[in-house]
Every structure is written in structure tokens, then in C-alpha cells.
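Single-structure report; data block below.
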């Protein structure tokens, strides 16, 4: 049976840019963007995660 592991390639810069962007967007929209922040942050994490085979 093959073994796999999840590897996240997310770096600090990606997280920082997304966080600052969403804070600004939340301020501009008076909080309307806040519920969407969690969804797009999870999407960022999932998109930067890869499945690698352990040898």
C-alpha cells in the first residue's frame, strides 16, 4: 500500500497579502466582506496544498 502525505507550499507573504487585502476590503465595505474572508482564506490554503507520495 502506498503512503501519501499532504504538503503545504503556502508562504508567509501569501498569508500576509491576503490578510491585509481582506482587512482593507472589510473596512471599505463596512464589514460586508467579513463573512467571505474565511471561505477565501480556506480556499487559499487548499489551493497551496499538494499530495506527495512517501517513498
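Before moving on, here are some points about what is shown:
- Residues satisfying the stated conditions in the range 43-52, i.e. in a helix (DSSP H, G or I) and touching a residue at least 12 places away in the same chain (Cβ under 8 Å): 44, 45
- Residues within the range 3-42 that are in contact with a helix residue (DSSP H, G or I) (Cβ under 9 Å, 6 or more places away or on another chain) and without any contact (Cβ under 8 Å) to a residue 40 or more places away in the chain, tallied: 16
- Yes/no for residue 25 being modelled with pLDDT of 95 or more and surrounded by 13 or more Cβ atoms within 10 Å (Cβ to Cβ): yes
The values are calculated or read from the model by the stated rules, or taken from the named source; none is laboratory data. Values in this document were obtained by computation on a predicted structure and should not be read as measured data. Neighbour counts are summed over all protein chains in view; Cβ atoms, including those assigned to glycine, are modelled from backbone coordinates with ideal geometry.
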